[in-house]
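Down below is the structure, laid out as structure tokens.
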Amino acid sequence: MKKEIEKYFDRLWPICRSLTGDGNRETLKILSETVDLKITEVPSGTQCFDWNVPSEWNIKDAWIKDSSGKKIIDFKDNNLHVMGYSEKLHGKMNLEELTKYIYTLPEQPGVIPYLTSYYKSRSGFCMSHKQFKKLKKDVYEVLIDADKNPEGFMTAGEAVLPGKSEKEILFSTYICHPSMANNELSGPLVTAYIYNELKKNTDRRFTYRFLFLPETIGAIWYLSVNGDELKKKLHAGYVVTCIGDRGNFTYKRSRIGDSISDRAAELVLKETEKKYTIEDFFPTGSDERQYCSPGFNLPVGSLMRTRYGKYKEYHTSADNRDFISFKKMEESVRKYLEIIKVLETNYIFINTSPECEPQLGKRGLYPTIGSQKDTSDFVNAMMWVLNLSDGTNDLIKISEKSGLKFELLAEAAGKLSDKGLLKID
């Protein structure tokens, strides 16, 4: 898996993505090789609650040349050199005039900042502050060959893996950043390989929905069309972002705070990780703030590694291939699959023989020699499951109360169910 993720990363890395445009289409076309994506083109101007889908933006070229014709910066070298959604620009200007169009990050002088101006018309270039300080008084020629089409489209991708139940688990990620590794490509790639692995197992309890959207406006549009259905069907959900660096896992809870999404993710981290961070919901960040807005309040959290805004490379050219780890991205896929396994096997059971403990020995569930140490954990697990299976506790809650591993409890519940001592509520 690691080598495949790396291969797709290298193909996706050079593409200039934004809220709209051909870069997004190319990205989804490549991802369609591993995810069975349904592509939707949403017309510019489409109203989505208090928002409208913006004009489609495409850029062909951009650069700054000095008076000798030497390119000072070139969009083709790094697509962060142009502020996202810049207006068309061509002309000559002196250094003082040029400075009005240049954005840098003085506190991190060696990196190119990532900036956008989606909803206010601007033109701008981004460069490292070190490079900016070296600019001399001169006459510069500038070019931004970009177009905004009010009759264009926003492109969205969706895939569904049906399960036995119409209840759904959602994975949502975004495809709107240009060449940034952790804050952009880790999310779509990890999501794609969660899909890829889940597709191999056709015995799915839940239906799984995967969304590849431009951040914010994409989720707002999707909720404007499908939000009522999600409120009826969504069992759990996660926004997948910033999941490819070498940091420890961070889990941001849903607005609900103790939703099944939160409880499953936190259980897995507790059982499998020595160091991790749990954060309560806050109404900024990625698309969880749309899914968790008060009108929907969906059970959507986000499992990340180093959370957005918490690493110095965030939204800069330093968020590059060297910053991420393909091994960690594969591990992130596996971690989400562990959460899925918990969700798939987490039931509320009813003890069918609640008057005192049932006779396990005659059912072959109890050791015939007392006090065998190697069987005590499993017997203990059966006792906990039988005692707390009163229709109010799911297996996650039983794990929390007993301190026993979820997997052991699930195995015990399976054995008890086979013998008719438990039924699913």
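The values are calculated or read from the model by the stated rules, or taken from the named source; none is laboratory data. Remember, it's a predicted structure, so these values are computed and weren't measured experimentally. Glycine gets a Cβ as well: all are built from the backbone with ideal geometry, and neighbour counts include every protein chain shown. Side chains are part of the model used for accessible areas, which takes the heavy atoms of the whole protein and leaves out ligands, DNA and RNA. Shrake-Rupley method; radii C 1.70, N 1.55, O 1.52, S 1.80 Å.
The table for this structure:
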{"read-out": "Near pairs, Cβ below 6 angstrom, 6+ apart or cross-chain, from segment 208-222 (closer than 12 Å to V53 by Cα and of a type outside the set (D, E)) to any residue that is part of a helix (DSSP H, G or I) and open to solvent by 10 Å² or more (accessible area, probe 1.4 Å)", "value": "A219/Q290; I220/Q290"}
{"read-out": "Hits in segment 311-341 - residues which are without any contact (Cβ under 8 Å) to a residue 12 or more places away in the chain and over 30 Å from G163 (Cβ atoms)", "value": "D322"}
{"read-out": "In segment 116-140, the residues that are closer than 17 Å to S86 by Cα and without any contact (Cβ under 8 Å) to a residue 40 or more places away in the chain", "value": "S117, K120, S121, R122"}
{"read-out": "Residues satisfying the stated conditions in segment 130-146, i.e. among the acidic types (D, E), open to solvent by less than 50 Å² (accessible area, probe 1.4 Å) and outside any loop (DSSP other than H, G, I, E, B)", "value": "D145"}
{"read-out": "Any hit, segment 24-47, residues being open to solvent by 60 Å² or more (accessible area, probe 1.4 Å), part of a loop (DSSP other than H, G, I, E, B) and among the acidic types (D, E)", "value": "yes"}
{"read-out": "Test: D245 is out of contact with any Asp or Glu (no Cβ under 6 Å at 6 or more places or on another chain) and without any contact (Cβ under 8 Å) to a residue 12 or more places away in the chain", "value": "no"}
{"read-out": "Selection within segment 180-198 - open to solvent by 10 Å² or more (accessible area, probe 1.4 Å) and polar (S, T, N, Q)", "value": "N196"}
{"read-out": "Residue match in segment 338-347 (condition: within 20 Å of T191 (Cα to Cα), open to solvent by less than 40 Å² (accessible area, probe 1.4 Å), assigned to a helix (DSSP H, G or I) and among the basic types (K, R))", "value": "no"}
{"read-out": "Count of residues meeting criterion [closer than 16 Å to I64 by Cα and either open to solvent by 50 Å² or more (accessible area, probe 1.4 Å) or in a strand (DSSP E or B) (or both)] in segment 85-129", "value": "17"}
{"read-out": "Among (1) open to solvent by less than 20 Å² (accessible area, probe 1.4 Å); (2) part of a loop (DSSP other than H, G, I, E, B), the one test that C16 misses", "value": "(1)"}
{"read-out": "Some residue of segment 224-245 being out of contact with any His (no Cβ under 9 Å at 6 or more places or on another chain), open to solvent by less than 50 Å² (accessible area, probe 1.4 Å) and of a type in the set (D, E, K, R)", "value": "yes"}
{"read-out": "Sole residue being out of contact with any helix residue (DSSP H, G or I) (no Cβ under 7 Å at 6 or more places or on another chain) and either farther than 26 Å from R246 by Cβ or not charged (D, E, K, R) (or both), chosen from Y195, Y174, Y208", "value": "Y195"}
{"read-out": "For R334: the one exception among (1) open to solvent by 30 Å² or more (accessible area, probe 1.4 Å); (2) more than 24 Å from E168 (Cα to Cα)", "value": "(2)"}
{"read-out": "Of the criteria (1) in a helix (DSSP H, G or I); (2) over 30 Å from F281 (Cβ atoms); (3) without any contact (Cβ under 8 Å) to a residue 40 or more places away in the chain; (4) of a type outside the set (A, V, I, L, M, F, W, C), which one E357 fails", "value": "(1)"}
{"read-out": "Within segment 48-74, considering residues that are in a loop (DSSP other than H, G, I, E, B) and under 30 Å from W221 (Cα atoms), the one most open to solvent (accessible area, probe 1.4 Å)", "value": "D50"}
{"read-out": "All helices (runs of 4 or more DSSP H) inside segment 373-425 with 2 or more residues being among the hydroxyl-bearing types (S, T, Y)", "value": "373-388, 395-402"}
{"read-out": "Positions within segment 380-419 being open to solvent by 20 Å² or more (accessible area, probe 1.4 Å) and within 16 Å of C356 (Cα to Cα), in sequence order", "value": "N380, M383, W384, N387, L388, D390"}
{"read-out": "Residue tally, condition open to solvent by 20 Å² or more (accessible area, probe 1.4 Å) and in contact with a strand residue (DSSP E or B) (Cβ under 6 Å, 6 or more places away or on another chain), over segment 200-222", "value": "3"}
{"read-out": "Members of segment 147-202 found to be under 19 Å from the mean Cα position of the chain (by Cα), part of a strand (DSSP E or B) and charged (D, E, K, R), listed by number", "value": "E158, E168"}
